[in-house]
Amino acid sequence: MDLPAKVQVTSDLLGGKGQTKGTLIAVSSHGYYELKCELGQNTHRVLLPIQRASIIFLEPEVDYAEEMGVER
């Protein structure tokens with residue numbers, strides 16, 4: 001996983017709709033995601049507990065086997 005990465009974040013801690021776009025900066029060994037999230041018109045640094053958030057990477061995964069012509 002390459003960081004920073006553009007992500008869609010879902011968490012009840014974000015308030016309102018609980019879903020926002022952001023940039024995943026780090027995953028801490030202390031149990032939280034460090035993100036820069038677009039909240040309103042501003043970008044904020046956010047620390048979200050891993051147990052209370054889900055992250056979807058906006059960049060699709062590359063299928064290297066298909067790209068290299070490897071048969072399965």
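The values are calculated or read from the model by the stated rules, or taken from the named source; none is laboratory data. Computed from a prediction, not measured in an experiment: that's the story for all the values here. Virtual Cβ from ideal backbone geometry, glycine too; neighbours counted across all protein chains shown. Protein only, heavy atoms only, side chains kept; ligands, DNA and RNA dropped before computing areas. Shrake-Rupley method; radii C 1.70, N 1.55, O 1.52, S 1.80 Å.
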Residues in segment 1-24 that are of a type outside the set (Lys, Arg) and closer than 21 Å to Pro60 by Cβ total 14
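When the residues of segment 3-19 are narrowed to those that are in contact (Cβ under 8 Å) with a residue 12 or more places away in the chain and more than 10 Å from the chain's Cα centre (by Cα), which ends up surrounded by the most Cβ atoms within 10 Å (Cβ to Cβ)? It would help to see each step written out before you state the result.
Taking segment 3-19 and keeping what is in contact (Cβ under 8 Å) with a residue 12 or more places away in the chain, we get 3-14.
So of that shortlist, the ones also more than 10 Å from the chain's Cα centre (by Cα) come out as 11-14.
Details: Ser11: 20, Asp12: 8, Leu13: 12, Leu14: 18.
Top of the filtered list is Ser11.
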Flagged in segment 47-72 as of a type in the set (Lys, Arg) and either modelled with pLDDT under 90 or open to solvent by less than 90 Å² (accessible area, probe 1.4 Å) (or both), in numbering order, are Arg72
Scanning segment 29-46 residue by residue, those open to solvent by less than 90 Å² (accessible area, probe 1.4 Å) and touching a residue at least 12 places away in the same chain (Cβ under 8 Å) turn out to be Gly31, Tyr32, Tyr33, Glu34, Leu35, Cys37, Leu39, Val46
Scanning segment 1-59 residue by residue, those out of contact with any strand residue (DSSP E or B) (no Cβ under 7 Å at 6 or more places or on another chain) and assigned to a strand (DSSP E or B) turn out to be Asn42
